[in-house]
Amino acid sequence: MVMLHLFQECGFNIGVAHANFQLRGDESEGDEKFMEEICKKNAISFLTKRFETESYSKSNHLSIQMAARELRYKWFNELLLEHRYDFLATAHHLNDSIETVLLNLVRGSGLEGFDGIASKNGKLIRPLLFATRLEIGNYAKENKIEWREDRSNATDDYSRNFIRHRIFPLLKELNPSLEKTFGESTSKISGSIELVGIGTEQWRQKFERKKESQTLLDKKGFESVKNPESILWILIKSLGFNFDQCSQVIAALHGQSGKRFSSTQYELIIDRDDLIISKIQTELTETLIKSGQSEATLGNFKMKIEKQDKIVFKDDPLVAFLDADKLAFPLLWRKWKPGDSFHPLGMNHKKKLSDFLIDQKISVADKEAITVLESGNEIVWVVGQRIDERYKVINSTVSTVVCGLSTVD
């Protein structure tokens, strides 16, 4: 209500969005009615929406607080687009920021968790972060600004409330100027975080490289630092890896290659010289390709199949030229497996596919994406690598099947 008052005093063009989470019965209804009357009285655009918060919380396995947060911010962002507002303003204050830092400390956050609540994040602004809860309350009384209290704020049911009612008063006994000290500390920490960002980018330029859809981190980048697990965590936490996993990776860094670590969407594999990070592939099983079929998919891969009488050869490992008369449809496209063998192009003898991949220096991570195309239980193409000598196009070939590999958009 103080923020609304200040925006009015400054003459901004504003609207009010009120989220009714329907969690406090008559009180929730009273809050909505109160806001509607205030906005009507002051000719302010009033937007409101009711949410089935409890059912959303259960169906999405979220706490009530997290469910309410997701629901309201999704709606707020929709309103920004629909009504073409420039900013979304929330009334978080300095004490909210202090509580956030204490919660992050308890939960084991990194340095950025001690930066407090950001005053601006894209179109989200928090113009009251400079003021304490007490200062805002005093301003409201002095200017006769009406407000309503959420009774849940007076309980210790939530972690934030426990810190507010139990922990913060004790810290104030140690330092009566805690809010002022905190504000100064967050400014210092913000500078440290900015400097860490610069250092991280320099590390990436020296030790990180991209290979198609993979990110490779050179092991050498972790050898000359005192806290390699912390460095690794800074680099990959955004991909869902936790600090404990990073510690395990560093412990296994110089062990046998092939050890794997996974987050919900990404996989990290320790290879000979690098840590290889890639998005977890859709499970590769197998698919049949019938005669006349022009396209097939397997996991994140797509194969185009075309029969041609006249061909122009391309020096491209993602394209295979096969003698059509030697193929027996349906073809089987599947993930490779131990025990597979074929006659690599240019060789007149059989070779184990596992040995072929080693000779080609295919990394452990890349091996996971290797597939083969079969005809009558014989491998005709190690997809993206090499065709079988027995199925190559020769002078007497009448018709050719051309297969081209790409990734699914």
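The values are calculated or read from the model by the stated rules, or taken from the named source; none is laboratory data. This is a predicted model, so every value here is computed, not measured. Every residue, glycine as well, gets a Cβ built from its backbone with ideal geometry; the counts of neighbours run over all protein chains shown. For the accessible areas, the whole protein counts, side chains as well, though only heavy atoms, and no ligand, DNA or RNA atoms are used. Shrake-Rupley method; radii C 1.70, N 1.55, O 1.52, S 1.80 Å.
Could you pull out the residue among Ile198, Ile125 that is of a type in the set (A, V, I, L, M) and either in contact (Cβ under 8 Å) with a residue 40 or more places away in the chain or farther than 30 Å from Phe12 by Cβ (or both)? Reasoning before the result, please.
On the way: Ile125 fails: either in contact (Cβ under 8 Å) with a residue 40 or more places away in the chain or farther than 30 Å from Phe12 by Cβ (or both).
So the residue among Ile198, Ile125 that is of a type in the set (A, V, I, L, M) and either in contact (Cβ under 8 Å) with a residue 40 or more places away in the chain or farther than 30 Å from Phe12 by Cβ (or both) is Ile198.
When residues of the range 204-229 are filtered for being in a helix (DSSP H, G or I) and surrounded by 14 or more Cβ atoms within 10 Å (Cβ to Cβ), how many remain?
Number of matching residues: 7.
Got at least one residue in the range 87-94 being surrounded by fewer than 14 Cβ atoms within 10 Å (Cβ to Cβ) and farther than 17 Å from Ser187 by Cα?
Filtering the range 87-94 for residues surrounded by fewer than 14 Cβ atoms within 10 Å (Cβ to Cβ) gives 87.
Cutting the leftovers down to farther than 17 Å from Ser187 by Cα gives us 87.
Within the range 87-94, one or more residues are surrounded by fewer than 14 Cβ atoms within 10 Å (Cβ to Cβ) and farther than 17 Å from Ser187 by Cα.
Would you please name the residue that is most open to solvent (accessible area, probe 1.4 Å), looking only at residues in the range 255-268 that are outside any loop (DSSP other than H, G, I, E, B) and under 12 Å from Gln245 (Cα atoms)? Before you say what the answer is, go through the steps one by one.
So in the range 255-268, the residues outside any loop (DSSP other than H, G, I, E, B) come out as 260-262, 266-268.
Checking which are under 12 Å from Gln245 (Cα atoms) leaves us with 260-262, 267-268.
Details: Arg260: 87, Phe261: 15, Ser262: 59, Glu267: 41, Leu268: 0 Å².
Here the residue is Arg260.
I'd like the residue in the range 137-168 that is of a type in the set (A, V, I, L, M, F, W, C) and more than 13 Å from His5 (Cβ to Cβ) and, out of all such residues, is modelled with the lowest pLDDT.
Applying the first criterion (of a type in the set (A, V, I, L, M, F, W, C)) to the range 137-168 yields 140, 145, 147, 154, 162-163, 167-168.
Checking the rest, the ones that are also more than 13 Å from His5 (Cβ to Cβ) come to 154, 162-163, 167-168.
Numbers: Ala154: 72, Phe162: 91, Ile163: 92, Ile167: 92, Phe168: 92.
Residue satisfying both the conditions and the ranking: Ala154.
A quick yes/no check of all residues on (1) modelled with pLDDT of 95 or more; (2) under 29 Å from the mean Cα position of the chain (by Cα):
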site	(1), (2)
Leu6	yes, no
Val16	yes, no
Arg24	no, no
Leu47	yes, no
Asn60	no, yes
Trp75	yes, yes
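Does Gly30 meet the test of being open to solvent by less than 70 Å² (accessible area, probe 1.4 Å) and touching a helix residue (DSSP H, G or I) at 6+ places or on another chain (Cβ under 7 Å)? Reasoning before the result, please.
Values: open to solvent by less than 70 Å² (accessible area, probe 1.4 Å): yes; touching a helix residue (DSSP H, G or I) at 6+ places or on another chain (Cβ under 7 Å): no.
No, not satisfied.
When you scan the range 52-116 for helices (runs of 4 or more DSSP H) that lie fully inside it, which ones turn up with 2 or more residues that are farther than 22 Å from Leu129 by Cα and in contact (Cβ under 8 Å) with a residue 40 or more places away in the chain?
Details: elements: 53-59, 64-83, 94-107.
Ranges flagged: 64-83.
How about the range 117-142: which of its residues are open to solvent by less than 40 Å² (accessible area, probe 1.4 Å) and part of a helix (DSSP H, G or I)?
Filtering the range 117-142 down to residues open to solvent by less than 40 Å² (accessible area, probe 1.4 Å) leaves 117, 124-126, 128-129, 131-132, 136-137, 140.
Listed by number, the residues that qualify are Ile136, Gly137, Ala140.
With respect to Val364, is the statement that it is at pLDDT below 95 and in contact with a Gly (Cβ under 6 Å, 6 or more places away or on another chain) true? Lay out the reasoning, then the answer.
Working: at pLDDT below 95: yes; in contact with a Gly (Cβ under 6 Å, 6 or more places away or on another chain): yes.
Against the criterion (at pLDDT below 95 and in contact with a Gly (Cβ under 6 Å, 6 or more places away or on another chain)), Val364 qualifies.
Filter the range 367-391 for residues that are among the charged types (D, E, K, R) and either open to solvent by less than 30 Å² (accessible area, probe 1.4 Å) or more than 24 Å from Pro338 (Cα to Cα) (or both) and give the result. Step through it out loud before you land on a result.
So the first thing to find is which residues in the range 367-391 are among the charged types (D, E, K, R), and the list is 367-368, 374, 378, 386, 388-390.
Passing the criteria: Glu374, Asp388.
Run down Arg148, Arg160, Arg164 and say which single residue is within 28 Å of Gly25 (Cβ to Cβ), in contact (Cβ under 8 Å) with a residue 60 or more places away in the chain and in contact with a Gly (Cβ under 9 Å, 6 or more places away or on another chain).
Details: Arg160 fails: in contact with a Gly (Cβ under 9 Å, 6 or more places away or on another chain); Arg164 fails: in contact with a Gly (Cβ under 9 Å, 6 or more places away or on another chain).
So the residue among Arg148, Arg160, Arg164 that is within 28 Å of Gly25 (Cβ to Cβ), in contact (Cβ under 8 Å) with a residue 60 or more places away in the chain and in contact with a Gly (Cβ under 9 Å, 6 or more places away or on another chain) is Arg148.
Let me spell it out: the conditions are (1) open to solvent by 70 Å² or more (accessible area, probe 1.4 Å); (2) in contact with a Lys or Arg (Cβ under 8 Å, 6 or more places away or on another chain), and Ser396 meets all of them except one. Which number is the exception?
Ser396 satisfies all of (1) open to solvent by 70 Å² or more (accessible area, probe 1.4 Å); (2) in contact with a Lys or Arg (Cβ under 8 Å, 6 or more places away or on another chain) except (2).
I need the full set of residues from the range 292-333 which are polar (S, T, N, Q), without any contact (Cβ under 8 Å) to a residue 40 or more places away in the chain and closer than 19 Å to Val372 by Cβ, in order please.
If the condition is that a residue be polar (S, T, N, Q), without any contact (Cβ under 8 Å) to a residue 40 or more places away in the chain and closer than 19 Å to Val372 by Cβ, then Gln293 is the only one that fits.
Which members of the range 269-298 meet the condition of being small (Gly, Ala, Ser) and open to solvent by less than 30 Å² (accessible area, probe 1.4 Å)?
Within the range 269-298, the first condition is being small (Gly, Ala, Ser), and the residues that meet it are 278, 291-292, 294, 296.
Selection gives Ser278, Ala296.
Of everything in the range 115-132, what is at pLDDT below 90 and not small (Gly, Ala, Ser)? Give them in sequence order.
Asp115
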